[in-house]
Amino acid sequence: MEPRLNPFAGPVLGKAFKHLIAASNLITEEVLPYTTQELVRLRASQINGCGACVDMHVKEAVHAGEDPVRLGLVAVWRETTVFTDAERAALELAEQGTRIADAAGGVSDEAWENAAKYYDENQLAALVCVIAIINAFNRGNVMIRQPGGGYEVGKHHL
């Protein structure tokens, strides 16, 4: 698969992606656990079929010490025992936030209230940002057919 555009070669898309990276980097480990961020990014990327982002976030998470078995189970998180209740709430929020067009009313009150049990207002805001930003990356990468497989850890670290 050949990409339609190089996202960092042109001034428009390159600048937009760099701003998205900068926005993503505002969400630090102190605000929201890095593992939670990567699980959310990975799940949204799986739903959106973004090979480039799935590749990136699996590799970044493994590099940061995440268990590859857990990463392999993200797509079926409901049927596993390897995620904490807080991570499960974040994954549910990520799924509903990614599938907004599929759900009448968007994110359910139940999903929001469940996430609020584990995350304070600042952390919920961070989750909203992580979900929105990864969805923007996913949509851009899918449209330009950015392939997965060639990402090198740290290249475009989010």
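Bear in mind these aren't lab numbers, they're just calculated from the coordinates by the rules spelled out. Everything numeric in this text was worked out from a predicted model, so none of it was measured. Note that we place each Cβ from the backbone using ideal geometry, even for glycine, and neighbour counts take in every protein chain shown.
Tabulated data for the structure shown
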{"quantity": "Looking only at region 52-72, and only at residues there that are outside any helix (DSSP H, G or I) and among the charged types (D, E, K, R), the one that is surrounded by the fewest Cβ atoms within 10 Å (Cβ to Cβ)", "calculated": "Asp67"}
{"quantity": "Search result, residues across region 1-51 that are of a type in the set (Val, Ile, Thr) and part of a loop (DSSP other than H, G, I, E, B)", "calculated": "Ile27, Thr28, Val31"}
